[in-house]
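**Q** Sharing a structure below in C-alpha cells format, with a few things to ask.
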Amino acid sequence: MSFDGIFIHALVRELQAKLLHGRIQKMHQPYKQEIVLTIRANGQNHKLLLSSHSSYARVQLTTMQYHNPENPPNFVMVLRKYLEGSILESIEQVENDRILHFTFSHRDELGDLQNIVLIVEIMGRHSNIILLNKETGRILDAIKHISLTQNTYRAILSGVEYLTPPKPKGKNPFILQDPELFETLSTAQDLSAQFLQQNFQGFGRDTAEELVYRLKDKPNEKLNVWHDFFASLNSIQPSLYENNGKEWFTPVAFLSLGKAKMVFDNLNELLDVFFTDKAEKDRTKQQAGSLLHRIKVERKKNQTKLKKLHATLKDTENAEDYRCKGELLTTFMAQVPKGSDFVELKNYYKEDQPIKILLKPSLSPNQNAQKYFQKYQKLKKSVRIVQEQIEQTKQEILYLESVESQLELATPVEIPIIFEELQTEGYIKAQSKKQKREKPSQPAVFQASDGTKILVGKNNLQNDRLTLKMAKKNDYWLHVKNIPGSHVIVESSRPSDETLTQAGILAAYYSKYRNSAQVPVDVVQVKHLRKPNGAKAGFVIYEGQKTILVTPSQKMVEQLKK
C-alpha cells in the first residue's frame with residue numbers, strides 16, 4: 001500500500017494515543033531529508049521519524065538506531081531553537097490528504113507562549129518538512145528550500161507566508177453522508193480504482209483497488225460494503241503482503257491480496273519492517289556510490305596491470321636461452337670468428353643440434369659471451385621482481401574485492417568507517433583538517449543457541465582488530481572459502497558442531513554468497529592464523545583448517561542476534 005490518506009488517517013490515531021502532550025527531549029537530522037524527534041510521553045521515550053525522502057516519505061515511530069552527525073545541519077539547529085522542551089499539543093491530518101500538522105506549545109526567550117507547527121507534506125519528490133509560526137503564518141525554516149523559480153505556485157523559504165498545497169479533488173470519504181455517497185457510486189459508468197481516486201480524497205491505487213474488489217463482490221450492497229471497509233479502520237490489522245515479487249503494507253486485511261505474509265500489533269511496527277531495509281539500502285547506495293565507483297576503477301586498473309605483468313613474465317622465459325648461448329660461446333670460443341655477425345655452433349644442451357648465435361662484430365668473442373650472461377642475469381632478476389609484483393597485485397585485487405563486498409552489504413552507519421579505512425590505505429586523500437578521533441567501531445555481536453558468543457567483523461579494520469587483537473588463541477575463526485567476507489570469531493576453545501554451523505551461517509551471510517546454497521566456510525583456531533608483513537587490512541593466511549558447508553539464512557541470523 002502506498003502511504004496514502006486512508007493509511008495516514010489510521011496512523012494519526014495511533015500517534016495521538018502515544019505522543020500527545022509529550023515533551024520533546026532531543027532532535028537529530030541523521031540524513032539530509034529526515035528528522036528524528038525523541039518525545040517523552042506516557043512515561044516512555046518515543047522516536048518519531050519524519051521523512052521527506054522522494055521515495056520513502058513518511059511519518060512513523062521507529063525503534064531503529066540512527067547515526068547522530070557530529071555537526072548538526074542548519075535545519076535541526078532551527079528546530080532546537082523553537083522546539084526543544086516544547087509540548088506536543090495536537091496531531092492533525094489536513095482533510096484526508098497526505099499532510100500532517102504537529103502543533104507544539106513553546107515559550108520564547110521572553111517567556112511568551114508560542115504555537116509552533118511542524119508540517120509534514122508527503123508528496124513524492126515534492127515532500128517537505130516545514131516549521132511554521134502559527135500566529136504569523138510565516139515559515140521559520142524548511143528541510144527543503146523552494147523558490148518561485150522552482151515552483152510558481154508557492155515559495156518555501158524562511159520568512160515567507162505559508163501557502164497550503166492545492167486541495168485534493170474529490171470528497172472526504174470519512175465525513176461523506178450516505179445520500180451523496182450513494183449518488184456518486186450509482187453514477188459511475190465503470191466502478192474502477194481510477195473512478196474512486198478521482199471522486200474521493202486520499203485513495204492510493206492499491207487501496208482503491210481493494211475497495212473496488214469488495215464492491216464488485218457484492219454489487220447490490222455498495223453502502224454496506226463501503227461502511228464495513230471504513231469501520232475496519234477502527235480496529236486495524238496491520239498486514240504485510242507479498243504479491244508478484246512486490247511487498248505491500250496495509251492497515252487492515254486486504255482481501256484482494258490473499259493471505260498476509262506477516263501481521264503486526266501496530267502500524268509503526270509494520271512500517272519499521274517494510275521501510276527500514278528498503279530505505280537503508282537506498283541510503284547506503286547513495287552514500288557508497290562514489291566509494292564503489294572508486295573501488296571498481298582501482299580494481300579494473302589492477303586487473304589490467306596483472307595482465308601486463310603476466311605478459312612480461314612470459315617474455316622472461318627466454319632467460320635460459322641467453323645463458324645457454326653465453327655458455328656455448330665460452331666453450332667454443334676458439335671457433336668464434338672475430339668481426340662476424342653470427343656463428344653456428346653445436347648445442348650440446350640439445351643433442352648437438354646446430355644453433356645460430358647472433359654476434360656484435362665490434363666485440364670480441366669473450367665480450368659477446370659476457371653480453372649474453374648480462375642479459376641472462378638481468379632477466380633472471382626481473383623474473384623475481386615481476387613475480388613479486390604479480391603477488392602484490394593479486395593481493396591488491398583481493399583487498400579491493402573485499403571492500404567492494406563490504407560496501408554492498410554495509411549499512412549507512414558503517415560507510416564512514418570504510419571511508420576511513422580507504423583513507424588509511426591511501427585510496428582516498430586524507431583531509432588536512434584535524435577531525436575528532438572517534439572510538440573504533442565494534443564488531444557485531446551474536447549468540448549461538450547454546451549461549452556461546454559469536455563476533456562478526458563488518459569491515460577490514462574490524463576484521464583485523466577482531467582476529468588479531470580481540471580473539472584468544474584457542475578461539476575459533478571462520479571465513480568463507482576463497483572469496484571476500486567477514487571474519488567470524490567463536491569465543492570458545494571447544495565449540496559444539498551446532499555452534500560452528502551457526503557461526504558458518506553468519507560467515508556466509510556476511511559475504512558475497514549471501515544468496516547462495518551450500519557455501520564452503522573454512523574453520524580454524526586463531527593460533528593457526530598469520531598476517532604477512534605489509535599485508536592489507538583484513539588479510540590473513542592459515543593452515544590446518546577444515547571446511548564446512550552451510551546455507552545462509554536471514555531468519556537464522558535474526559535469531560542469533562544478541
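Every number here is computed from the coordinates shown, using simple stated rules; none is lab data. Fair warning: this is a prediction, and the values are worked out from it, not measured in the lab. Cβ atoms come from the backbone with ideal geometry, glycine included; neighbour counts cover every protein chain shown.
**Q** Run the reach check for Lys81 against lysines, Cα to Cα strictly under 30 Å, same-chain hits fewer than 8 apart removed. What comes back?
**A** Lys18, Lys26, Lys32, Lys47, Lys134, Lys144, Lys433, Lys434, Lys436, Lys439
**Q** Leu148 to Ser290: extension gain in nm, 0.36 nm per residue of separation minus the Cα-Cα distance?
**A** Numbers: separation 142, 0.36 × 142 = 51.12 nm, distance 3.21 nm.
Gain in length upon complete extension: 47.9 nm.
**Q** Given contacts defined as C-alpha pairs under 8 Å and at least six residues apart, what's the relative contact order of region 288-430, whole-number percent?
**A** That works out to 31 percent.
**Q** Compute the distance in nm between two label points, each set 7 Å from the Cα along the Cα-to-Cβ direction, one at Glu388 and one at Ser256.
**A** 7.0
**Q** So which of Lys305/Lys458; Lys261/Lys296; Lys356/Lys380; Lys512/Lys536; Lys278/Lys561; Lys308/Lys356 end up more than 26 Å apart by C-alpha?
**A** Lys305/Lys458; Lys261/Lys296; Lys308/Lys356
**Q** Moving on. Just how far, in whole angstrom, is region 1-57 from region 144-195 if you go by their alpha carbon centroids?
**A** 23
**Q** Could you work out the relative contact order of region 178-265? I mean the mean sequence separation of Cα pairs under 8 Å and 6+ apart, divided by the number of residues, in percent.
**A** The normalised contact order for region 178-265 reaches 21 percent.
**Q** Need the full-extension length gain, Met77 to Lys453, defined as separation in residues times 0.36 nm minus the C-alpha distance. One decimal, nm.
**A** Extra length available between Met77 and Lys453 comes to 131.2 nm.
**Q** Suppose each label sits 7 Å from its Cα in the direction of the beta carbon; what would the Glu84-Thr312 distance come out to in nanometres?
**A** So the label points at Glu84 and Thr312 sit 6.0 nm apart.
**Q** Quick one: dipole size for the chain, taken about the Cα centre, charges +1 on Lys/Arg Cβ and -1 on Asp/Glu Cβ, in debye to the nearest 20.
**A** Details: 79 positive and 64 negative charges, 633 e Å.
Result for the chain is approximately 3040 debye, rounded to the nearest 20.
**Q** Once you keep just the Cα pairs under 8 angstrom separated by 6 or more residues, what percentage relative contact order results for region 415-555? Don't skip to the answer; put the middle values down first.
**A** Numbers: 258 pairs, mean separation 29.9, N = 141.
21 percent.
**Q** How far apart, in nm, are two points set 7 Å out from the Cα along the Cα-to-Cβ line at Ser186 and at Val297?
**A** 6.9
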